[in-house]
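Here's the structure we're looking at; comments come further down.
The values are calculated or read from the model by the stated rules, or taken from the named source; none is laboratory data. Bear in mind the structure is a predicted one, so any value in this text is a computation, not a measurement. Every residue, glycine among them, receives a Cβ derived from its backbone with ideal geometry; neighbour counts consider all protein chains shown. The protein model used for the area step is the full one, side chains on, heavy atoms only, and it has no ligands, DNA or RNA in it. Shrake-Rupley method; radii C 1.70, N 1.55, O 1.52, S 1.80 Å.
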There are 2 protein chains.
Amino acid sequence: MNALSDLQATLDPSRKSWIESANDSTHDFSIQNLPFGIFSDKTNTARRVGVAIGDEIVDLSVLKSAGLLKLPGASAGQLIAMKDRAFEQDTLNDFISLGRDAWRSVRIQLSDLLKRDTATLRDNADLRSTALVRQADAQLHLPVQIPGYTDFYSSKEHATNVGSMFRDPKNALLPNWSEMPIGYNGRASSVVVSGTPVRRPNGQLKLPDQERPVFGACRKLDIELETGFVIGSGNILGEPIACADAEAHIFGMVLLNDWSARDIQQWEYVPLGPFNSKGFATTISPWIVTLDALEPFRVEQPTQAPQPLAYLRHDGKHAFDISLEVTLRPQTARQATTISRTNFKHMYWTMAQQLAHHTVSGCNTRVGDLMGSGTISGPTADSCGSLLESTWNGKNPLELKEGGTRGFIEDGDELTLTGWCQGDGYRVGFGTCVGEILPAQK
Amino acid sequence: MNALSDLQATLDPSRKSWIESANDSTHDFSIQNLPFGIFSDKTNTARRVGVAIGDEIVDLSVLKSAGLLKLPGASAGQLIAMKDRAFEQDTLNDFISLGRDAWRSVRIQLSDLLKRDTATLRDNADLRSTALVRQADAQLHLPVQIPGYTDFYSSKEHATNVGSMFRDPKNALLPNWSEMPIGYNGRASSVVVSGTPVRRPNGQLKLPDQERPVFGACRKLDIELETGFVIGSGNILGEPIACADAEAHIFGMVLLNDWSARDIQQWEYVPLGPFNSKGFATTISPWIVTLDALEPFRVEQPTQAPQPLAYLRHDGKHAFDISLEVTLRPQTARQATTISRTNFKHMYWTMAQQLAHHTVSGCNTRVGDLMGSGTISGPTADSCGSLLESTWNGKNPLELKEGGTRGFIEDGDELTLTGWCQGDGYRVGFGTCVGEILPAQK
């Protein structure tokens with residue numbers, strides 16, 4: 001077990017790294033962060049586990065081989081073998097499967113190794129040359145193999161906006177919405193890592209002036225600004241996760257863009273929910289920020305009225321203060337325009353409540369499962385997490401700094417999500433979650 | 001490549017096996033069938049690939065080691081290694097990944113080896129004693145690792161019944177239903193093999209006399225009689241599968257019981273579809289019947305009006321004549337009561353259309369993906385695929401031969417799905433898909 005004081009020390013705002021780029025107060029990858037991902041580079045094309053710090057990636061497979069990283073907990077044969085190779089895998093699943101003590105311990109060891117006054121790696125030029133890879137020279141891959149992807153719908157502002165637009169402005173919020181974190185199963189196969197181009201989907205569109213649908217390219221392509229959390233330890237079928245225990249099952253968080261074809265969605269979604277309108281792509285950021293690193297940024301969740309049923313209650317602070325932004329850059333433009341600024345702390349339902357609800361039926365979860373927050377919208381037009389909302393279904397196009405106006409996304413547009421927690425003199429950031437839109441297949 | 005005449009020979013109704021139990025005209029596992037599954041037994045607890053014939057399982061790992069099975073197609077190093085071990089795996093995924101030529105070739109070789117006048121295995125008592133395992137002595141496991149589970153809603157009778165009950169009897173069928181095979185993403189983690197007990201789920205129930213929902217055990221637990229198909233070769237993200245090509249991507253079919261908590265469903269499903277009401281368990285039969293074995297049972301699909309959009313059109317026969325039955329046996333009863341008799345051929349949308357629609361957005365599929373047909377209901381009350389329909393939401397309980405009446409499923413009830421194609425003197429059957437209901441967790 002890790003001492004709580006060791007964990008606390010990794011969160012000390014005054015801790016600095018000998019990797020100087022990490023010490024910039026606006027750099028996403030401070031020594032307080034240490035997010036996990038999967039990378040490769042030109043000199044070593046094998047995918048392996050890395051941790052981002054400043055402009056560098058620390059190659060954990062190299063540190064392990066050099067004897068500088070220990071994984072806690074002795075165990076049976078198979079687990080030992082898994083442990084020995086956990087950093088040489090092309091996904092984080094094996095590492096995550098080792099359990100929370102292991103994640104925590106590795107993060108603590110890395111923080112110690114990378115802090116300014118620890119000479120071990122700092123002063124070993126040979127080891128440094130193989131253990132550090134510049135992010136600019138690396139390719140980042142999908143960090144986890146995702147057995148299941150679930151998407152929630154937990155922003156009250158978003159649900160209200162959508163309900164007003166497509167159902168009834170007077171009863172925008174359906175009665176079940178305030179009683180449970182509404183969610184649905186998404187398509188795990190098409191979750192891609194940031195940087196993967198996204199092809200505009202074809203599908204059935206129901207045009208207002210025609211009796212029957214037509215087949216064609218989506219005309220209302222949209223983003224959904226979300227975060228996602230990754231399951232660190234699952235539950236057995238038939239054995240729910242209690243709300244109070246739920247956060248211990250979460251490995252960490254990513255940014256998530258739940259690309260949405262609004263015209264396909266509007267025609268297909270009744271009565272079984274969105275399908276082709278969402279299944280063509282979901283982009284996540286490559287670095288998983290651990291819940292440990294987010295600990296200092298806990299805040300009170302919004303007041304929930306009515307009080308949730310007992311299985312959805314938890315004491316304490318379970319929201320997180322994560323600033324979020326979306327930019328759009330047309331293919332021909334040099335400058336991107338910020339089209340949304342909001343914060344994760346606005347979410348009505350917490351991650352703990354989402355996970356408790358998901359499993360209360362007995363549904364099992366597995367290491368690597370991805371759970372999307374749902375679109376994160378704030379109370380104003382410039383804090384909406386989708387163009388559907390900010391342009392009110394295209395009626396009020398956004399003025400870009402460069403490249404005209406946008407009701408929805410055009411081919412060649414590059415959409416970028418960013419997110420960060422601002423500490424005192426340091427940031428715990430998520431990097432970027434980027435996707436450029438390719439024209440639909442003819 | 002396999003000669004078409006070799007494939008045809010495996011379907012010859014007059015072919016008989018030296019395994020005499022297979023020659024009974026009502027036995028599911030004739031020599032014309034040869035479905036694939038994963039099994040283990042007491043003397044060898046390792047999971048491995050088997051094929052059912054009569055009352056026996058042929059252990060393909062033993063036949064391969066004995067040099068009696070060849071897998072076609074030379075290839076690169078990794079694939080050769082995969083081929084050599086394909087029958088020693090705990091799922092069929094590696095075998096299926098070898099491609100349609102390989103599945104076909106193995107089925108043809110097995111048919112030749114097991115036919116009455118082939119002496120090779122028949123007269124080799126030593127080899128027979130290890131290559132054949134009695135089904136009664138074996139344990140059957142989930143046949144595939146399922147990366148994604150999708151469930152469709154393709155029975156017109158079922159959609160009409162549900163629409164009448166919960167929406168508007170005059171406009172029971174929503175306008176999109178006749179234009180596309182409506183589907184949604186299900187929860188893959190809780191797909192279990194036949195025989196796995198199913199725990200009654202807890203969840204939110206909205207009782208008519210109360211303003212707010214209560215938490216408790218589902219009171220309207222139901223089956224959904226479905227078939228499922230398993231993807232044999234997937235598609236790359238962004239590259240749809242054409243309707244005409246779709247069947248070549250299907251490895252085979254299973255029976256599928258999409259357990260449903262109707263009270264949870266009714267309260268949660270708007271606007272994003274069913275979630276906890278379905279995610280607690282889905283049961284499939286253990287033997288995957290190949291599309292090759294089903295070839296003689298192709299029939300014309302129902303006429304589709306309006307004519308589907310071009311991407312959903314196919315020529316020829318794409319429905320299959322599969323008789324289906326559901327029985328219910330209360331815990332205290334010796335006798336089961338047949339509660340539904342219907343046929344897969346009634347389905348409005350074909351499997352090919354479902355797969356073409358699923359991927360037309362560019363959504364990728366992967367080997368082992370499971371696609372449920374949706375509840376299969378015929379035109380009469382005794383041909384409904386759910387109790388919701390046959391009892392009209394519990395209002396007209398069914399009279400059991402033994403054990404009282406049923407509006408919905410009670411604790412201890414055992415539900416069994418069966419399905420078969422009746423040939424001339426032989427059957428191509430699916431075995432059983434069974435689940436017994438355990439009381440809800442307190």
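Heavy atoms only, probe 1.4 angstrom, no DNA, RNA or ligands counted: give me B:LYS220, B:LYS345 ranked by accessible area, highest first. All intermediate terms of the calculation are to be shown ahead of the outcome.
Working: B:LYS220 55, B:LYS345 80 Å².
Sorted descending by solvent-accessible area, the residues read B:LYS345, B:LYS220.
If Rh is defined by the Kirkwood formula over all Cα pairs and Rg also comes from Cα, what ratio Rg/Rh do you get for segment B:210-254?
Here the Rg-to-Rh quotient is 1.33.
If you take each beta carbon of peptide B:213-223 and count the beta carbons of other chains within 10 angstrom, what is the mean? All intermediate terms of the calculation are to be shown ahead of the outcome.
Values: counts 5, 1, 5, 0, 0, 1, 0, 0, 0, 0, 0.
Counting Cβ atoms of other protein chains within 10 Å of each residue's Cβ and averaging gives 1.
Have a look at B:ILE31, B:GLN8, B:TRP18 and report the one farthest towards the positive end of the charge dipole of segment B:1-41, computed about the Cα centre with Cβ charges (Lys/Arg +1, Asp/Glu -1).
Sorting the options by dipole projection puts first B:GLN8.
Take every Cα-Cα pair in segment B:106-254 and report what % of them are more than 28 Å apart.
Values: 5571 of 11026 pairs.
Beyond 28 Å sits 51 percent of the P(r) for segment B:106-254.
How large is the accessible surface of B:SER178 in square angstrom, using a 1.4 angstrom probe and rounding to the nearest 10?
For B:SER178, the solvent-accessible surface is approximately 30 Å².
Between A and B, buried accessible area summed over both sides at probe 1.4 Å, in Å² to the nearest 100? Don't jump to the answer; show the numbers that get you there.
On the way: alone 18860 and 18860 Å², together 32320 Å².
The buried area between A and B, both sides summed, comes to about 5400 Å².
Under 20 Å from a label point 7 Å along Cα→Cβ of B:ALA242: give me every residue in segment B:348-363 with its amide N that close.
The answer is B:350-363.
Report the far tail of the P(r) of the protein assembly as shown, meaning the percent of Cα-Cα pairs longer than 51 Å.
Values: 70134 of 390286 pairs.
That fraction is 18 percent.
What share of Cα pairs, in percent, lie more than 40 angstrom apart in chain A? Each step should come with its number before you reach the end.
Numbers: 17255 of 97461 pairs.
Tail of P(r) above 40 Å: 18 percent of Cα pairs.
Can you tell me the order of B:390-398, A:356-364, A:299-307 when each peptide is scored by its average per-residue count of other Cβ atoms within 10 angstrom, highest first?
On the way: B:390-398: 16.2, A:356-364: 26.4, A:299-307: 11.9.
Peptide ranking by packing, descending: A:356-364, B:390-398, A:299-307.
Can you sort B:VAL62, B:VAL49 by solvent-accessible area, 1.4 Å probe, largest first?
Details: B:VAL62 35, B:VAL49 0 Å².
So the residues, ranked largest to smallest area, are B:VAL62, B:VAL49.
R0 = 30 Å: FRET efficiency of A:GLN210 with A:GLN331, Cβ-based, nearest 0.05?
Values: r = 31 Å, r/R0 = 1.03.
With R0 = 30 Å, the Cβ-Cβ based efficiency is 0.45.
Taking +1 at the Cβ of each Lys and Arg and -1 at the Cβ of each Asp and Glu, which of B:TYR184, B:GLY385, B:GLN441 sits farthest along the dipole of chain B towards its positive end, judged by Cα position relative to the Cα centre?
Among B:TYR184, B:GLY385, B:GLN441, the one farthest towards the positive end of the dipole of chain B is B:GLN441.
Could you estimate the translational diffusion coefficient of segment A:21-146 from the Stokes-Einstein equation, with Rh from the Kirkwood formula over C-alpha pairs, at 25 °C and 0.890 mPa s, in whole µm²/s? Write out the running numbers ahead of the final one.
Working: Rh = 14.8 Å.
Diffusion coefficient, whole number: 165 µm²/s.
Can you pull the accessible area of B:CYS433 for me, 1.4 Å probe, Å² to the nearest 10?
Ignoring ligands and nucleic acids, B:CYS433 comes out at about 0 Å².
Can you pull the accessible area of A:TYR348 for me, 1.4 Å probe, Å² to the nearest 10?
10 Å²
Where in chain A are the DSSP H helices whose alpha-carbon span along the long axis reaches 18 Å or more and whose Kyte-Doolittle mean is at least -1.0? Working shown, then result.
Values: long enough: A:100-114 (21 Å, -0.31).
Sorted by number, the helices that extend far enough and score high enough are A:100-114.
Hey, can you find the accessible area per residue of the protein assembly as shown for me, probe 1.4 Å, expressed in square angstrom? Write out the running numbers ahead of the final one.
Details: 32320 Å² over 884 residues.
Result: 37 Å² of accessible area for each residue.
Spin-label point model (7 Å from Cα, Cβ direction): what's the A:ASP55 to A:ASP411 distance in nm?
If labels sit at A:ASP55 and A:ASP411, their model points lie 3.7 nm apart.
Give me the orientation-averaged projected area of the Cα convex hull of segment B:265-362, in nm², one decimal.
Working: hull surface 41.2 nm².
Over every viewing direction, the Cα hull of segment B:265-362 projects on average to 10.3 nm².
Alpha carbon centre of segment B:1-31 versus segment B:316-361: separation in Å?
Answer, in whole Å: 24.
Highest mean first, what order results for A:261-273, B:281-293 on Cβ atoms within 10 Å? Let's see the in-between values first.
Numbers: A:261-273: 22.6, B:281-293: 26.7.
Most protected by this proxy first, the peptides run B:281-293, A:261-273.
One quarter of the convex hull surface, Cα atoms only: what value does that give for segment A:239-293 in nm²?
Numbers: hull surface 23.6 nm².
The orientation-averaged projected area of the Cα hull of segment A:239-293 comes to 5.9 nm².
For the residue pair B:ASP168 and B:ALA119, what label-to-label distance in nm results when each label sits 7 Å from Cα along the Cα-to-beta-carbon direction?
Between B:ASP168 and B:ALA119, the label points sit 7.5 nm apart.
Can you give me the convex hull volume of the Cα atoms of segment A:150-233, divided per residue and expressed in Å³? Walk me through the intermediate numbers first.
Details: hull volume 13.1 nm³, N = 84.
Spread over its residues, the Cα hull of segment A:150-233 gives 156 Å³ apiece.
What's the average, rounded to a whole number, of partner chain beta-carbon atoms within 10 Å of each residue's beta-carbon in A:362-375? Each step should come with its number before you reach the end.
On the way: counts 14, 10, 7, 3, 2, 0, 0, 1, 0, 0, 0, 0, 1, 0.
Average neighbour count from other chains, rounded to a whole number: 3.
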